[in-house]
1. Return the only residue of 174, 130 being at pLDDT below 95, surrounded by 18 or more Cβ atoms within 10 Å (Cβ to Cβ) and in contact with a helix residue (DSSP H, G or I) (Cβ under 6 Å, 6 or more places away or on another chain).
2. Residues in the range 95-117: is at least one surrounded by fewer than 20 Cβ atoms within 10 Å (Cβ to Cβ) and within 22 Å of residue 213 (Cα to Cα)?
3. For residues that are within 25 Å of residue 153 (Cβ to Cβ), in contact with a helix residue (DSSP H, G or I) (Cβ under 8 Å, 6 or more places away or on another chain) and without any contact (Cβ under 8 Å) to a residue 60 or more places away in the chain, tally how many sit in the range 77-121.
4. Kindly provide the set of residues from the range 34-72 that are under 23 Å from the mean Cα position of the chain (by Cα) and more than 19 Å from residue 126 (Cβ to Cβ), ordered by number.
5. Is there a residue in the range 140-156 that is under 12 Å from the mean Cα position of the chain (by Cα), under 30 Å from residue 43 (Cβ atoms) and not assigned by TED's automatic domain parsing to the domain that holds residue 39?
6. Considering only residues of the range 35-48 that are in a helix (DSSP H, G or I) and touching a helix residue (DSSP H, G or I) at 6+ places or on another chain (Cβ under 6 Å), which is surrounded by the fewest Cβ atoms within 10 Å (Cβ to Cβ)?
7. Would you check if there is a residue in the range 57-71 being in contact (Cβ under 8 Å) with a residue 40 or more places away in the chain, assigned to a loop (DSSP other than H, G, I, E, B) and within 19 Å of residue 179 (Cβ to Cβ)?
8. State which residue pairs qualify: first residue without any contact (Cβ under 8 Å) to a residue 24 or more places away in the chain and inside the range 129-156, second residue surrounded by 19 or more Cβ atoms within 10 Å (Cβ to Cβ) and assigned to a helix (DSSP H, G or I) in any location, beta carbons under 7 Å apart, and separation of 6 or more residues or different chains.
């Protein structure tokens, strides 16, 4: 019969993970793994990190492509915030403030290490992650912003003049600028010395000022054709 001392010092048995927990654990470690080494990383090394066999890994993800697809779901779709879409369309708020709120919130998700490094590695390897995510971004963020910019400046709606690719490019500059802050930190290892929220506010202020001048010419609109511009109502002191 085991002594009380033996029973007291006996190591507890590790809880066996359920299938769903094991799959989630593999997916989360895969995110960290590919963010570290890129998509050229071997699944055998990933299995070693997890402390499992490669055959067990393939039981949950039958191919490396399936694992990469799950990484996309975990990092980009799983972290998508519905607020980004809703704030764009809230016309009770001046557009400049809407976009500032959007990109400050966006930066909290998009400028982390996993998001930035996986996105860069995906582009270099020609994986589908970039294409799939940018398609979503274009439809759910960039196009709606372009529509709201027209509305803010009193320009014709898309039912009169369809959206132009140059309008989307104009808006895309905001995402490129904000994403660059993440590149500096997680790719180039160059710290951002100023307050990020203030940098985003400045970025959006520059965008609004520039779009006010450039957008009418993109649409071929003369000053006489413009509708009244919507200016933010300033609160009284």
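The values are calculated or read from the model by the stated rules, or taken from the named source; none is laboratory data. Quantities reported herein were computed from a predicted structural model and do not represent experimental measurements. Cβ coordinates were reconstructed from backbone atoms using ideal geometry, including for glycine residues, and neighbour counts include every protein chain displayed.
1. Unique residue meeting the criteria: 130.
2. yes
3. 11
4. Listed by number, the list holds a single entry, 36.
5. no
6. 44
7. no
8. Close Cβ pairs satisfying both conditions: 130/119; 130/122.
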